[in-house]
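The values are calculated or read from the model by the stated rules, or taken from the named source; none is laboratory data. Source: prediction; values computed, not measured. Cβ sites come from the backbone with ideal geometry, for glycine too, and all protein chains shown count toward neighbours.
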């Protein structure tokens, strides 16, 4: 009996998959669970077993995708959304700054993201790369959004040409972070008050 001719797969084609297909929902669940555990227990309290339990998977399933806690934490932080939704931002630059700052401040000082920032600051000396990733995903885009609005205000003639926009952005972000770090409650009108103070120093006329 003649052997059947061999048909090799086309060059570059993926090899045939064996066993059960990989569940695409596993990785997002594990990454979310890792962020939750990090926010609640800090870098030193990371447990693959606890992450697997919360993600409803086995430990071998986690290790099949990430060889240890360090690469898992880096992947989890890299998965954080850095997009600020533009919907609802007023066209007036000063009002837009207040809306943006309220959203950014809420993200940085409340809920899981605020706890993540605290956990990463506490471990900054031992694990600076984790805090750097958080800054890249959250704080950097937030600062960019504020600066873009300030640049638009300057292009429209509302803000002085010689205004220090970098300092303005840092002052706006710092208005929330300083109160959060001190443990002081953040008033509902805090973003508008912070924008008024900064605006008085950079706008033509200098009136709050």
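Listing for the model above:
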{"quantity": "Subset tally (residues that are surrounded by 13 or more Cβ atoms within 10 Å (Cβ to Cβ) and either part of a loop (DSSP other than H, G, I, E, B) or touching a strand residue (DSSP E or B) at 6+ places or on another chain (Cβ under 7 Å) (or both)) for the range 180-206", "calculated": "3"}
{"quantity": "Condition check for residue 124: more than 12 Å from the chain's Cα centre (by Cα) and either in a helix (DSSP H, G or I) or crowded, with 16+ Cβ neighbours inside 10 Å (or both)", "calculated": "no"}
{"quantity": "Candidates 96, 49, 106, filtered to the one that is closer than 26 Å to residue 129 by Cα and either touching a strand residue (DSSP E or B) at 6+ places or on another chain (Cβ under 8 Å) or modelled with pLDDT of 90 or more (or both)", "calculated": "49"}
{"quantity": "From 177, 117, 97, 146, residue being without any contact (Cβ under 8 Å) to a residue 24 or more places away in the chain, surrounded by 14 or more Cβ atoms within 10 Å (Cβ to Cβ) and in a helix (DSSP H, G or I)", "calculated": "117"}
{"quantity": "Yes/no for residue 129 being within 25 Å of residue 36 (Cα to Cα) and either outside the structural domain of residue 186 (by TED's automatic domain parsing) or not in a loop (DSSP other than H, G, I, E, B) (or both)", "calculated": "yes"}
